[in-house]
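Chemist: I am attaching a structure below and will ask some questions about it afterwards.
The values are calculated or read from the model by the stated rules, or taken from the named source; none is laboratory data. Keep in mind it's a predicted model, so treat the numbers as computed, not measured. A quick note on method: Cβ atoms are made from the backbone with ideal geometry, for glycine too, and the neighbour counts reach across all protein chains shown. We work out accessible area using only protein heavy atoms, side chains counted, and drop any ligands, DNA or RNA first. Shrake-Rupley method; radii C 1.70, N 1.55, O 1.52, S 1.80 Å.
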Amino acid sequence: NDHKIACLSIKDKPKFKWRGMLLDCSRHFMDINFIKRYIDLLAFHKMNVLHWHLTDDQAWRIEIKQYPKLTSMGSFRKQKDGSLYGGFYSQEQITDIIYYASQRGVCVIPEIELPGHCIAALAAYPEYSCSGGPFEVETDWGVFKEIYCAGNDQTFTFLENILDEVISLFPSEYIHIGGDEVPKYRWERCEKCISRMVDQELEDVHELQSYFIQRIETYLNEKGKKIIGWDEILEGGLAQDATVQSWRSFEGAAQAAKMGHDAIVSPTSHAYFDYNLNAIDLKKVYSFDPIPEGLTEKESLHIIGGECNMWTEHAPQDIVESKIFPRMLAMAEVLWSPKVLRDFEGFQNRKSLHDQRLIAWGVDSGLESDPLNATWDKGSDVFGVEVQVEAALDRIEGEVIFTPLSSRLTPSHHELGSRIFVKGEGVLEAVLTRDGRPLRDAVLLPVAGHIGVHSDASIGHSLSPYYPGGGERGLADGRLGSIDFRDGCWQATQSENMSITLTLPQTIQLDSLSMQCYRYQDAWIFLPQTLAFGWSVDGVKWEESRIDLHTYSGSHVLSPTDAQDIVRIACAVDASARFIRMEAVNPGSCPDWHDAASSPSWMFLDELVVHGQ
Ligand code: ACM
Ligand code: ZN
């Protein structure tokens, strides 16, 4: 076959010089061929950085010749069923990967986590912790209080020797040193760390973290390397020449740029490809602009690019591709082309060509978005709520069939097609069908139709950028949270009380008030210490019922439990009311027994359900 194309010249250049993808090979081990294919896929889409997350609590994956136990002990973990899971990369394999990537225009940046996320290393060398151990390589996911001791000079020698070998392997300009999620619990109680703070005249443990990072930075700078750290390295004072990778929001990048430091932007709002599509879908990624608001033109030059983060706690190798595609296509365009060319419709057309290519390569691409999108509305009857469900993004035509899965849920107006009006409470199943046959898996929508949905609402806390849960009205919108705490329904605060006041459309005879709370201590989510419900006829004279959760279900709200559940706190009321309020007192810091002791806990609330007539 004789294929010909016309001569042409292309003038093109990337908007951002840093177009990265993180691959977490610690939580799950990925084999060499898989990593090479990942590099091929990056390179094809003009992504040019592989951020290789090689060490964490759950495994140490890079061979270090001076410390063989890092891999002989630290690269395997004993799973709950007793089996060993793990693997590591030899220095020879790493050199091979770096060469393979360089041939394709991809730079490999190693991440060696410190001073936290290091239990796998401490399991092998417990002498570099504050408490001395012993430790086991972690099998749970989370943030843990066992970290490197900042008061022990031997710890620094250990890390410097490791970094010497890392430097000799990786030709990259940068070494990523982590720096995120470091509970300071051990440091606050360690004699060596306390003396270090006294000797160095450090005000607090945040300055001690800053001391730690700066000491490592100085060492690496002397060897001709620059450091990158997650945005927590801003706390207690930023190291002299560090690049900040902003993940908790855009704020770290904005702060760094204003201080004249470079920043890479990979926020949980747009760039976490381990998150489900209901949190970050294709359109959301496409709407990403790495430049934080409020920067001058000069400051914005410090935003060197963005990165997609592919954490793998819940993603073994065989599902990684379905997580990163198609979302990486959107990120690749965002990081390459100027903002004025952004056009989602046009992108979707271009995407269909990409899709064909991905199919030809056997890439297991995922969906663009949650297959069904639900919206909540007030409806015409004040004692209920209207739910509308649409097939999202992929524009599939069909009819939605609703089935209430609870007898406490009373539907009406079913003739509305993709809409349903419900009173009462329970789970509504929605299935998109054509000619009576399901086109998609059913989605389950927990709903509560109640008069609070129709009220004016005002909240007394600030909305978390991570868990705004429906905004100002989110605590009374008829939409209940599910067991997935990132489903967009949950509203959360960290170390802040939450409150809401409702003005009902009419005075009613109250039967009960209740609140849904989420509990999952492994993810730092605790029940509130106290919930207070108030009601009033005139908004001036209030009655109140205060529920002390210290003794909920016979155990203290701060006692350890493995539960991951939704707890409904209800209070029966027999009174007339037009005004309703709720206040939840936050649970404080994670308690001493907790892996993240002393870190601020989260409180997750969902819906203030008002029952009455
Ligand atoms: C991070 O997601 N802990 C950087
Ligand atoms: Zn210490």
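Chemist: Would the stretch 239-254 turn up any residue that is open to solvent by less than 30 Å² (accessible area, probe 1.4 Å), of a type outside the set (Lys, Arg) and modelled with pLDDT under 95?
Modeler: yes
Chemist: Same structure again: Which pairs do you get when a residue that is of a type in the set (Phe, Trp, Tyr), found in the stretch 62-86, comes within reach of a residue that is open to solvent by less than 40 Å² (accessible area, probe 1.4 Å) and not in a loop (DSSP other than H, G, I, E, B), reach meaning Cβ atoms under 7 angstrom, with the pair 6+ apart or on two chains?
Modeler: Listed by first residue and then by second, the contacts come to 67/162; 76/86; 85/77.
Chemist: Pick from the stretch 533-556 the residues that are open to solvent by less than 10 Å² (accessible area, probe 1.4 Å) and modelled with pLDDT of 95 or more: which of them is farthest from residue 485 (Cα to Cα)?
Modeler: Out of the qualifying residues, it is 536.
Chemist: Taking the condition open to solvent by 30 Å² or more (accessible area, probe 1.4 Å), more than 15 Å from residue 216 (Cβ to Cβ) and either more than 13 Å from ligand 2 (Cβ to nearest atom) or free of Cβ contacts under 8 Å to residues at least 60 places away in the same chain (or both), does residue 129 pass?
Modeler: No: the conditions fail for residue 129.
Chemist: Restricting attention to the stretch 426-479, report how many residues are in a strand (DSSP E or B) and under 30 Å from residue 495 (Cα atoms).
Modeler: Here the count works out to 10.
Chemist: Let me ask something else about it. Against the definition (in a strand (DSSP E or B) and more than 19 Å from residue 66 (Cα to Cα)), how does residue 177 come out, yes or no?
Modeler: So residue 177 passes the test.
Chemist: A follow-up question, please. Hey, can you tell me all the residues within the stretch 501-536 that are closer than 18 Å to residue 607 by Cβ and either free of Cβ contacts under 8 Å to residues at least 12 places away in the same chain or touching a His at 6+ places or on another chain (Cβ under 7 Å) (or both)?
Modeler: Listed by number, the residues that qualify are 505, 511, 512.
Chemist: For the stretch 565-613, which residues satisfy the criterion of being open to solvent by less than 20 Å² (accessible area, probe 1.4 Å) and of a type in the set (S, T, N, Q)?
Modeler: Answer for the stretch 565-613, where residues must be open to solvent by less than 20 Å² (accessible area, probe 1.4 Å) and of a type in the set (S, T, N, Q): 599, 601.
Chemist: For residues in the stretch 170-193 being open to solvent by 20 Å² or more (accessible area, probe 1.4 Å) and farther than 21 Å from residue 589 by Cα, which is nearest to ligand 1 (Cβ to nearest atom)?
Modeler: So the residue we want is 173.
Chemist: Would you check which residues across the stretch 338-383 are among the charged types (D, E, K, R) and at pLDDT 85 or above and list them?
Modeler: Selection gives 339, 342, 343, 345, 350, 351, 355, 357, 364, 368.
Chemist: Then there is this: All but one of (1) assigned to a loop (DSSP other than H, G, I, E, B); (2) touching a helix residue (DSSP H, G or I) at 6+ places or on another chain (Cβ under 9 Å); (3) open to solvent by 50 Å² or more (accessible area, probe 1.4 Å) hold for residue 483; state the number of the condition that does not hold.
Modeler: Evaluating residue 483 over (1) assigned to a loop (DSSP other than H, G, I, E, B); (2) touching a helix residue (DSSP H, G or I) at 6+ places or on another chain (Cβ under 9 Å); (3) open to solvent by 50 Å² or more (accessible area, probe 1.4 Å) leaves (2) as the failure.
Chemist: OK, next. From the list 198, 205, pick out the single residue that is open to solvent by 10 Å² or more (accessible area, probe 1.4 Å), among the hydrophobic types (A, V, I, L, M, F, W, C) and free of Cβ contacts under 8 Å to residues at least 12 places away in the same chain.
Modeler: 198
Chemist: Related question: Conditions: (1) under 13 Å from residue 129 (Cα atoms); (2) open to solvent by 20 Å² or more (accessible area, probe 1.4 Å). Residue 219 meets all but one. Number of the miss?
Modeler: (1)
Chemist: Kindly provide the set of residues from the stretch 107-126 that are buried (at least 24 other Cβ atoms within 10 Å of the Cβ), away from ligand 2 (no atom under 16 Å from the Cβ) and more than 17 Å from residue 229 (Cα to Cα), ordered by number.
Modeler: 120, 123
Chemist: At pLDDT below 95, of a type in the set (Val, Ile, Thr), under 18 Å from the mean Cα position of the chain (by Cα) and open to solvent by less than 20 Å² (accessible area, probe 1.4 Å): which single residue out of 264, 280, 324 fits that description?
Modeler: Sole residue among the options that is at pLDDT below 95, of a type in the set (Val, Ile, Thr), under 18 Å from the mean Cα position of the chain (by Cα) and open to solvent by less than 20 Å² (accessible area, probe 1.4 Å): 280.
Chemist: Of the numbered conditions (1) assigned to a helix (DSSP H, G or I); (2) more than 16 Å from ligand 1 (Cβ to nearest atom), residue 213 satisfies every one except a single condition; which is it?
Modeler: (2)
Chemist: For the list (1) crowded, with 21+ Cβ neighbours inside 10 Å; (2) of a type outside the set (S, T, N, Q); (3) out of contact with any Pro (no Cβ under 9 Å at 6 or more places or on another chain), I need the number of the one condition that residue 94 fails.
Modeler: (3)
Chemist: Right, here's the next one. Among the residues of the stretch 134-181, write down those that are of a type in the set (A, V, I, L, M, F, W, C) and either more than 16 Å from ligand 2 (Cβ to nearest atom) or modelled with pLDDT under 95 (or both).
Modeler: Within the stretch 134-181, 137, 141, 143, 144, 162, 163, 166, 167, 169, 170, 175, 177 qualify.
Chemist: While we're here: Can you find, within the stretch 333-362, the residue that is farthest from residue 290 (Cα to Cα) among those that are touching a residue at least 60 places away in the same chain (Cβ under 8 Å) and within 25 Å of the chain's Cα centre (by Cα)?
Modeler: Checked the stretch 333-362; the qualifying residue farthest from residue 290 (Cα to Cα) is 344.
Chemist: Yes or no: residue 317 more than 24 Å from the chain's Cα centre (by Cα), surrounded by 15 or more Cβ atoms within 10 Å (Cβ to Cβ), farther than 17 Å from residue 49 by Cα and among the polar types (S, T, N, Q)?
Modeler: So residue 317 fails the test.
Chemist: Of everything in the stretch 446-458 that's of a type in the set (A, V, I, L, M) and in contact with a Leu (Cβ under 7 Å, 6 or more places away or on another chain), which residue is most open to solvent (accessible area, probe 1.4 Å)?
Modeler: Checking each candidate, the answer is 457.
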